[in-house]
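S.K.: The structure's right below; bear with me while I get my questions together.
The values are calculated or read from the model by the stated rules, or taken from the named source; none is laboratory data. Please read all numbers here as calculations on a predicted model, not as lab measurements. Reconstructed Cβ throughout: ideal geometry from the backbone, glycine too, with neighbour counts over all protein chains shown. The accessibility values were calculated without ligands, DNA or RNA, using every heavy atom of the protein model including side chains. Shrake-Rupley method; radii C 1.70, N 1.55, O 1.52, S 1.80 Å.
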Amino acid sequence: MKIERPRGTRDFLPGEMEKRREVESRMRKIAESFGYREIATPTFEHLELFTLKSGEGIVDEMYVFADKSGRELALRPELTAPVMRMFVNECSVMPRPLRFYYFANCFRYERPQKGRYREFWQFGVELIGSDSYLADAEVINLAYQILENLGLEFELQVGHVGILRSLLSPLGNDKASKIMRLVDKGDEEGLLDYMDDIGVGQDLKEKVLSIIDLKGDEGVIDEAKELISFDFTHLENLSGILHELGVEFEFNLGIARGLDYYTGVVFECYAEGLGAQKQVCGGGSYELSSLFGGPKAPSTGFAIGFDRVCEVCNVKAKKDVTIAVISLRGFESHAFRIANRIREKGLRVVVDVMGRSLKKQMSFASEIGADYAVIIGPDEIEKGVVTVKNMETQEQKTLSEEEAITTFLSRTKG
RNA sequence: GCCCGGAUGGGGUAGUGGUUAUCCUCUGGGACUGUGGAUCCCAGGAGCCGGGUUCGAAUCCCGGUCCGGGCCCCA
């Protein structure tokens, strides 16, 4: 009986892994160039960590299970909450701000679709300890640079959930959160129905609807000022610095985010070519630390949908030089020895383990895209040399082992 | 959670109730024990699962599973 892959999961073949690793390493490099350092948290956590504040949306779609002691656990659906848990547990006395990044798999029990899987990878950062607009600017700038570096065509939208939240504060937390969720869904009808149900006044209702429709350049802020008394300095400062950095974006005050813990600036990036799953990055500022029993630590972060990014970017993995050491029958041990010598120089070498004829070994070398074939037989061993064939040019030379290695290394540098 | 469409060797496919399930590709071996991409030969490998209809099911019906797309939601 054949065992199938679980629904919503994927296998990655070597070609695809090479591309994924290339994308991953670029993300790491850029995050590290901003001073972010990698962390890792457990694949599963206490269910409570996610039910506390992440919002219904995510809780309904988690992989939840009980272990043998009856503990309620969940596979992580995202990493912000775990990172903040870790921060509270281990890092509360480290010098602020803290700059962390992660690259890890997450799990959500949803209907799989293009760009949406039950196991998926997120690359994200958290900048912990600052509530300045500068922190938001750095994080948005970093996300922007990563997506730019990968050659993605994308659109960046920036909003601020504080505006709506302050408008809704008279309604109390629960009702406000429910409204935020409806806003996030873009469900205007449901939003109106709900506001009618709970008796929201006409004036407030109109303001909410006006705010969530505000999209565009700085003019949006002026329009918002007409509607609500709110301190827009933070957003204005952020806007100024982003402009100076050449980060292209537009305001969208209707961004509400699916996760409940955002408090201030929020942002999302959309790429083309992914159908409904076009959001490749989302983030914003939040305060989770005190909720998890730690000191107050205003933070900003983002998560990039790694799989989605990989699907639309056309990054190519660099191909390493590959050498096939080919031996005649009875000379296998010589082939193994010479292969090891070449490997010591950091090169990739494959030898035959099928006991194949020279012809088949050549054919195999060709099929796997080897750059050189090194042929070992009685003639070579007797003279203490190797035969090196350039698979592309078909040029063949008799060289000492040292000369052969020099040839390969020069190819690597070129 | 909802809607639509699929599922035949590893990959791509033909086959609308009736021999041994088609073809391409692939994989292994050989022709060919000192030279790759070509050619030829041989071999390997399949109707998602469970139930039903039928003398007989890959084919028709039902359920499940999985895949693709959309809604919803999100990364």
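S.K.: What are the pairs with Cβ atoms under 7 angstrom where one residue, in the range A:80-105, is under 21 Å from A:Asp307 (Cβ atoms) and the other, located anywhere, is buried (at least 22 other Cβ atoms within 10 Å of the Cβ) and small (Gly, Ala, Ser)? Sequence gap at least six, or different chains.
M.R.: Filtered contacts from the range A:80-105: A:Thr80/A:Gly301; A:Tyr101/A:Ala31; A:Tyr101/A:Gly124; A:Tyr102/A:Gly124.
S.K.: Here's a follow-up. Restricting to the range A:265-278, and then to whatever is open to solvent by less than 10 Å² (accessible area, probe 1.4 Å) and under 17 Å from A:Val139 (Cα atoms), can you tell me which residue is farthest from RNA strand B (Cβ to nearest atom)?
M.R.: A:Val265
S.K.: Taking A:Asp320, is it within 6 Å of RNA strand B (Cβ to nearest atom), at pLDDT below 95 and not aliphatic (A, V, I, L, M)?
M.R.: no
S.K.: Could you count how many residues in the range A:331-382 are surrounded by 12 or more Cβ atoms within 10 Å (Cβ to Cβ) and outside any helix (DSSP H, G or I)?
M.R.: Looking only at that region, the number is 18.
S.K.: Just to be sure before I move on: is A:Ala324 in a helix (DSSP H, G or I) and buried (at least 16 other Cβ atoms within 10 Å of the Cβ) in the structure I sent?
M.R.: Here the answer is no, as A:Ala324 does not meet what is asked.
S.K.: Let me ask something else about it. Working only within the range A:137-148, note down all residues that are closer than 13 Å to A:Ser33 by Cα and either out of contact with any helix residue (DSSP H, G or I) (no Cβ under 8 Å at 6 or more places or on another chain) or open to solvent by 10 Å² or more (accessible area, probe 1.4 Å) (or both).
M.R.: A:Glu138, A:Val139, A:Asn141, A:Ala143, A:Gln145
S.K.: Let me ask another. For the range A:162-184, enumerate the residues that are modelled with pLDDT of 85 or more and within 16 Å of RNA strand B (Cβ to nearest atom).
M.R.: Once the filter is applied, which keeps residues that are modelled with pLDDT of 85 or more and within 16 Å of RNA strand B (Cβ to nearest atom), the range A:162-184 yields A:Leu164, A:Arg165.
S.K.: If you take just the strands (runs of 3 or more DSSP E) that sit entirely in the range A:43-127, which of them hold at least 2 residues that are open to solvent by less than 40 Å² (accessible area, probe 1.4 Å)?
M.R.: So the answer is A:72-75, A:98-107.
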